[in-house]
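Down below is the structure, laid out as structure tokens.
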Amino acid sequence: MSDAPEASAQRALDFVKDGQTLGLGTGRAAAAFVRALGARVQDGLRVRGVATSIATAELASELGIPLLTLDEAGTLDVTFDGADEVDPQLDVIKGYGGALVREKITAASSRELVILVGPEKIVPVLGSRGKLPVEVIPFGLALCGRQLAELGCESVLRTRENGEAYLTDNGNHILDCKVAAISAPREFETAILAIPGVLGTGLFIGMADAVIVERDGQADVLRRPSAKS
């Protein structure tokens, strides 16, 4: 486990300009960024945010960050989020925190996506940590499970500590697929998305423009060759 991600959160603030509208991700690293952003807002920075989850919206509101809906915001300037895996091409797996569909919609609505991670999230190939989250509508749960298995992707229904099925903020289930190395992630995602009832996967391919990696209190920035800044 890496140190608390304060250094990467502070480094991420370098991507923020006064007057921007920002996507605010979900999870530990994203929350650290929201807290750092809130401190800047208290100092007079003028930004507005679009939260990817109820938890993030609550945190941002507590910190005085003005919030918009995505409908109100339109195109976002930058989205800041964490990730569960990052490969050498800066492709990403997300969704261990359960907000993958809202996170992907927000990222796709943004001119730039900045990912914050610790070194344990850097992997040689996507799938190295053995799990790919897939969000599915409850009515399609059984079908999705069967057809994922036909793709060679056994899955388990995500549950809460009390044993009840986990529900996303969208009211859907998550099937955590058991994966190994994903050699062709675009094609793999296309096959999964073709299953009726699947809303989205945790694969974020070609979306991240920069990845901030925190190691021992220092934050290094990795950039996709075609990154915008």
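Nothing in this text is a laboratory measurement; each read-out follows from the coordinates by a stated rule. Here the structure is a predicted model, which means the values were calculated and not measured. Note: ideal-geometry Cβ built from the backbone for every residue, glycine included; neighbour counts use all protein chains shown.
Using a simple charge model, +1 on the beta-carbon of Lys and Arg, -1 on the beta-carbon of Asp and Glu, nothing else, what dipole does the stretch 131-199 show about its Cα centre, in debye to the nearest 20? Here the stretch 131-199 has a charge dipole of around 80 debye. Here S61, S8 are placed in order of increasing Cβ neighbour count within 10 Å, fewest first, which gives S61, S8.
Rounded to the nearest 0.05, what FRET efficiency do E187 and S61 have when you use their Cβ-Cβ distance and R0 = 35 Å?
Values: r = 41 Å, r/R0 = 1.16.
Calculated value: 0.30.
Note that the stretch 73-229 carries a Kirkwood radius of 16.1 Å, evaluated over its alpha carbons pair by pair. Per residue, the chain reaches -8000 deg cm²/dmol at 222 nm when only DSSP H runs of four or more residues are counted, each adding -39500 (n - 2.57).
Here the chain is treated with +1 on each Lys and Arg Cβ and -1 on each Asp and Glu Cβ, and its dipole about the Cα centre works out to around 220 debye.
Taking the Cβ of each residue in T168, T56 as the centre, tally the other Cβ atoms inside 10 Å and list the residues starting with the fewest. Walk me through the numbers before you get to the answer.
Values: T168 20, T56 29.
By the 10 Å Cβ count, ascending: T168, T56.
Note on D43 and A142: their simple-model spin labels are 5.7 nm apart, each label 7 Å out from Cα toward Cβ. Would you please state which residues of the stretch 11-33 a label at D220 would reach in this model, taking the label point 7 Å out along Cα→Cβ and a backbone N cut-off of under 17 Å? It comes to 11-12, nothing else.
Using Cβ point charges alone (K and R +1, D and E -1), the dipole size of the stretch 88-207 about the Cα centre works out to roughly 100 debye.
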